[in-house]
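Let me begin by presenting the structure, written as structure tokens, before commenting on it.
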Amino acid sequence: MKVVKFGGSSLASGKQLEKVFQIVTADPERKVVVVSAPGKRYAEDTKVTDLLIECAELCLQNKNPKVQLDTVLGRYASIAEELRLSDAVIREIHDDLLTRMASDKSKPDRFIDLLKASGEDNNAKLVAAYFQSRGVEAHYVDPKEAGLLVSDEPGNAQALPESYERLFSLNERSGIQVFPGFFGYSLSGEVFTFSRSGSDITGSILANALKADLYENFTDVDAVYSVNPSIVQKPKEIKELTYREMRELSYAGFTVLHDEALVPAFRAGIPVNIKNTNNPSAPGTLIVNERDNTNGPVIGIASDKGFCSIYVSKYLMNREIGFGRKLLGVLEDYGFSYEHTPSGIDDVSVILRENQLDEKVMVEVIDRIKNELQADEVKVAHSLSLIMVVGEGMRRNVGTMARASKALANASVNIEMINQGSSEVSMMFGVKEVDEKRAVKALYEEFFVPVTV
Ligand code: ASP
């Protein structure tokens, strides 16, 4: 049995839904279909999810969200019209949106989640209706009734462990199950969404819970590329990579799959196949537990901007028990999460995502570190990019770090920071944001472009 997930661009128009129908019905093992909300039809288009967020925000400010509401309804209506579906589906979606908009607004985050989740919920109803109109047995699944329980964290929910057992019974149902992605219900019965692009997580949870043989994730590219195609033209496609490699790459900017989506599939040992709705015969990229390391040390290079580092030095730091705890304790007091902590004998840097802090808070944090930890020096560096060079093969290959740093030196990129992941699946370089693209190109050339003599 296969769980198949389709992203927003695969469901953006009637023409796309027809492709989805062909793909699903071409293989009788494709029993559970997870859908996103309608996404962009062209580059400047707006995703239904973004329209719904705007709509919710206007409702919260007591303003009229007519334009956004009409645009959302218009998106579903144009799909229904293209596919010659009856008006009943659109009427149902209209009533559902009005009910959601009239609901309790005393907790704004929860109200936003309720509206946001309607994008996938209503799309699942529409897709099920379309499959039925083509004479195929298909059913919309209500995640509440099916038992997808999540934590009560607005916009950042996580599946509760008991969900897995409950969802298993979906296996006994006949026909194709159309399951809306992106959200579940808390124990008290309220809607909470995963973080953005979270339908990937729903698919992975279902693959695990239903003990699927494969989780197919359909998107709009032929494969995962070894580097961001907007930085390097026509980069090499990755045929196969491990869960660990994909996790590292998606953490640092590979957006093909949500970085939290691999864990449920990984725990159950279910391979994930990234495929293209617009070119379904292409084999795509397979994410597995282990692979042959025949293609050199590096499988991919990812990069992401928007980081800063807090550098702290204190003579004899290595002998001071509890220094690290106290330092991270200050950050914890402000609710900051940190990403990496490269360290030396007398110094340590803490890397954070910059969007968590403002200047005023930063000054407070630095003062506290100076005073409470009696640090000799505390410095903050802004606008950093992290570059991850990823590959299981690194463990066995000597000199990968030397090759990478030489390539960066040749491209005149100053390395602000280096961290070799404990797992030895990745190396991280911190560079100035202005140097990011040049650095990525230089590394790609070093590891992927054959030397011509
Ligand atoms: N529609 C949601 C978003 O745009 C979730 C998803 O597509 O996976 O983030």
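The values are calculated or read from the model by the stated rules, or taken from the named source; none is laboratory data. What you see is a predicted model; the values in this text were computed from it and never measured. A quick note on method: Cβ atoms are made from the backbone with ideal geometry, for glycine too, and the neighbour counts reach across all protein chains shown.
Structure values in brief
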item	result
Residue within region 243-250 that is assigned to a helix (DSSP H, G or I) and within 16 Å of the ligand (Cβ to nearest atom) present	yes
Test: residue in region 124-137 that is within 16 Å of the ligand (Cβ to nearest atom), in contact with a strand residue (DSSP E or B) (Cβ under 6 Å, 6 or more places away or on another chain) and either of a type in the set (Lys, Arg) or farther than 26 Å from residue 215 by Cα (or both)	yes
Cross-chain or 6+ apart pairs with Cβ under 7 Å, region 165-179 first and farther than 18 Å from residue 121 by Cβ, then of a type in the set (Asp, Glu)	174/137; 175/137
Residue 451 vs. criteria crowded, with 20+ Cβ neighbours inside 10 Å and not in a helix (DSSP H, G or I)	no
Unmet criterion (only one of (1) modelled with pLDDT under 95; (2) more than 26 Å from the chain's Cα centre (by Cα); (3) not in a loop (DSSP other than H, G, I, E, B)) for residue 442	(1)
Verdict on residue 259 being part of a loop (DSSP other than H, G, I, E, B) and surrounded by fewer than 18 Cβ atoms within 10 Å (Cβ to Cβ)	no
Condition check for residue 106: more than 17 Å from residue 16 (Cβ to Cβ) and either in contact (Cβ under 8 Å) with a residue 24 or more places away in the chain or in contact with a Ser or Thr (Cβ under 6 Å, 6 or more places away or on another chain) (or both)	no
Filter result for the condition that a residue is surrounded by 14 or more Cβ atoms within 10 Å (Cβ to Cβ) and either at pLDDT 95 or above or within 23 Å of residue 193 (Cα to Cα) (or both), over 141, 89	141
Subset of region 281-297 [modelled with pLDDT of 95 or more, crowded, with 17+ Cβ neighbours inside 10 Å and part of a loop (DSSP other than H, G, I, E, B)]	284
Residues located in region 101-122, provided they are farther than 19 Å from residue 11 by Cβ, within 16 Å of the ligand (Cβ to nearest atom) and acidic (Asp, Glu)	109, 113
Test set (1) out of contact with any helix residue (DSSP H, G or I) (no Cβ under 9 Å at 6 or more places or on another chain); (2) at pLDDT 95 or above - residue 326 fails condition number	(1)
Condition check for residue 211: surrounded by fewer than 17 Cβ atoms within 10 Å (Cβ to Cβ) and either among the hydrophobic types (A, V, I, L, M, F, W, C) or at pLDDT 95 or above (or both)	yes
Near pairs, Cβ below 8 angstrom, 6+ apart or cross-chain, from region 69-98 (within 14 Å of residue 121 (Cα to Cα)) to any residue that is not in a helix (DSSP H, G or I)	76/38
Any hit, region 148-156, residues being in contact (Cβ under 8 Å) with a residue 60 or more places away in the chain, among the β-branched types (Val, Ile, Thr), surrounded by 16 or more Cβ atoms within 10 Å (Cβ to Cβ) and in contact with a Phe, Trp or Tyr (Cβ under 7 Å, 6 or more places away or on another chain)	no
Matching residues in region 395-417 - criterion: being at pLDDT below 90 and either among the aliphatic types (A, V, I, L, M) or touching a helix residue (DSSP H, G or I) at 6+ places or on another chain (Cβ under 7 Å) (or both)	398, 417
